[in-house]
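K.L.:
This is the structure I have questions about; it appears just below.
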Amino acid sequence: MLAALRPDAWDLPLLVHVAGAMLLVGALVVVAVAMAGALRGGEGTTVLTRLTLRTLLLGALPGYVLMRAGAAWIASKESVPDDATWVGIGFSTADGGLLLVVIATVLAWRASRRGAAGPGAAGRATAALAVVLVLAYAVTIWAMTTKPG
Amino acid sequence: MRPAFSRRINVPGVTTYDWLLFLHVLAAFTLVAGLVAYAVIVLGPDGDAARRALVAPALAMWNVGGIGVLVLGVALAIDVDAYDLLDGWIVAAIVLWLVASAAGGPLSAGLRDDARSLDRRRARMLYAVMAAATAALLIDMIFKPGA
């Protein structure tokens, strides 16, 4: 019911937050799929590995910044209790997620330096981190929309 | 303003309305993930390798997300007493959904069948329409003009 009751002043920060989150999640899905393609080997391995790094740098990280800035902006307008379960889930996955996105970016960079040898273990770890992040953000979306507790 | 289905299911404090909203938003995220994948194919410099790896997931996410957004959105509009399917912002959302789908269809078909059959300039134009309609849809959903 928040959507029906939300004051107009929250709309713009919410738009920034949701648009950033959508870009972040979309980029992470592309990272997982492209790296999986690179790990299969064959023609295009190097291209797909570089695509993964570029998607993290130009999609996931800017999306994270927008999502987190929008969250801080709307939190400053909305009097949400800090101990609410859904707020805790949101901040945990946001702050923990940044660390994992940065680690995935470093791993993707290492994988891209291997060139035709294929992305190797760094590529596998990048794809795994992207999948973990997407699942964590799905739980976060559930918490943000249903607001349990 | 109270949702018609106010009974709680499984999780304490979470109503059927909440589940519908969650699935609606999840579908929107899926739709945008498809849009991001199409952006990489159409706008990126990675050529056929990116197309081969991403076109099937992009199509699946765009279609599943699109259908989910529409069906669950209509269910929400019926469920919430304050909303009506003929509200201006809901009608606008359906029109924007149709515009995005109308552009997405030929782009998906062209990329899936054979990228060479789809002129790069036309692909970019179709993608721009999809992206603009989806962005306008998101703005409409959040600002709900006239609601």
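K.L.:
Tally up the residues in segment A:112-149 that are more than 28 Å from B:PHE22 (Cα to Cα) and part of a loop (DSSP other than H, G, I, E, B), please.
P.N.:
First, the residues of segment A:112-149 that are more than 28 Å from B:PHE22 (Cα to Cα): A:112-125.
In the following step, the residues that additionally are part of a loop (DSSP other than H, G, I, E, B) were identified as A:113-114, A:118-119.
Count: 4.
K.L.:
Against the definition (of a type in the set (Gly, Ala, Ser), farther than 23 Å from A:ASP11 by Cα, in contact (Cβ under 8 Å) with a residue 60 or more places away in the chain and assigned to a helix (DSSP H, G or I)), how does A:ALA34 come out, yes or no?
P.N.:
For A:ALA34, the condition - of a type in the set (Gly, Ala, Ser), farther than 23 Å from A:ASP11 by Cα, in contact (Cβ under 8 Å) with a residue 60 or more places away in the chain and assigned to a helix (DSSP H, G or I) - is not met.
K.L.:
Is there any pair with a first residue in segment A:121-141 that is free of Cβ contacts under 8 Å to residues at least 40 places away in the same chain and a second that is surrounded by fewer than 16 Cβ atoms within 10 Å (Cβ to Cβ) whose Cβ atoms are under 7 Å apart and which are 6 or more apart or on different chains, and what are they?
P.N.:
A:LEU129/A:ILE103
K.L.:
Let me ask something else. Please verify whether segment A:38-46 includes one or more residues that are under 27 Å from B:VAL14 (Cβ atoms) and either part of a helix (DSSP H, G or I) or within 12 Å of chain B (Cβ to nearest Cβ) (or both).
P.N.:
No, segment A:38-46 contains no residue that is under 27 Å from B:VAL14 (Cβ atoms) and either part of a helix (DSSP H, G or I) or within 12 Å of chain B (Cβ to nearest Cβ) (or both).
K.L.:
For segment B:125-147, give me each residue that is at pLDDT below 95 and of a type in the set (D, E, K, R).
P.N.:
B:LYS144
K.L.:
Of B:LEU35, B:LEU23, B:LEU107, which residue is more than 8 Å from chain A (Cβ to nearest Cβ), modelled with pLDDT of 95 or more and surrounded by 19 or more Cβ atoms within 10 Å (Cβ to Cβ)?
P.N.:
Selected residue: B:LEU23, the only one of B:LEU35, B:LEU23, B:LEU107 that is more than 8 Å from chain A (Cβ to nearest Cβ), modelled with pLDDT of 95 or more and surrounded by 19 or more Cβ atoms within 10 Å (Cβ to Cβ).
K.L.:
Need the failing condition index for A:VAL87 against (1) in contact with a Gly (Cβ under 7 Å, 6 or more places away or on another chain); (2) over 27 Å from B:ILE41 (Cα atoms), just the number.
P.N.:
Of everything listed in (1) in contact with a Gly (Cβ under 7 Å, 6 or more places away or on another chain); (2) over 27 Å from B:ILE41 (Cα atoms), A:VAL87 misses just condition (1).
K.L.:
Continuing with this model, one more query. Hey, can you tell me all the residues within segment A:48-76 that are among the basic types (Lys, Arg) and over 16 Å from the mean Cα position of the chain (by Cα)?
P.N.:
A:ARG50
K.L.:
Conditions first: (1) surrounded by 14 or more Cβ atoms within 10 Å (Cβ to Cβ); (2) modelled with pLDDT of 95 or more; (3) more than 14 Å from chain B (Cβ to nearest Cβ). A:LEU99 passes all but one, so which condition is the exception?
P.N.:
Here A:LEU99 clears every test but (1).
K.L.:
Before we move on, is B:TYR17 crowded, with 19+ Cβ neighbours inside 10 Å, part of a helix (DSSP H, G or I), hydroxyl-bearing (Ser, Thr, Tyr) and modelled with pLDDT of 95 or more?
P.N.:
So B:TYR17 does not fit the description; no.
K.L.:
Starting from residues that are more than 17 Å from the chain's Cα centre (by Cα) and not hydrophobic (A, V, I, L, M, F, W, C), keep the ones in segment B:38-65 and report whichever is nearest to the other protein chains (Cβ to nearest Cβ).
P.N.:
Selected residue: B:ASP46.
K.L.:
Looking only at segment A:68-85, decide whether some residue is under 20 Å from A:GLY26 (Cβ atoms), within 14 Å of chain B (Cβ to nearest Cβ), in contact with a helix residue (DSSP H, G or I) (Cβ under 6 Å, 6 or more places away or on another chain) and part of a helix (DSSP H, G or I).
P.N.:
yes
The values are calculated or read from the model by the stated rules, or taken from the named source; none is laboratory data. Remember, it's a predicted structure, so these values are computed and weren't measured experimentally. In this analysis, Cβ positions are derived from the backbone assuming ideal geometry, glycine residues included, and neighbour counts consider all displayed protein chains.
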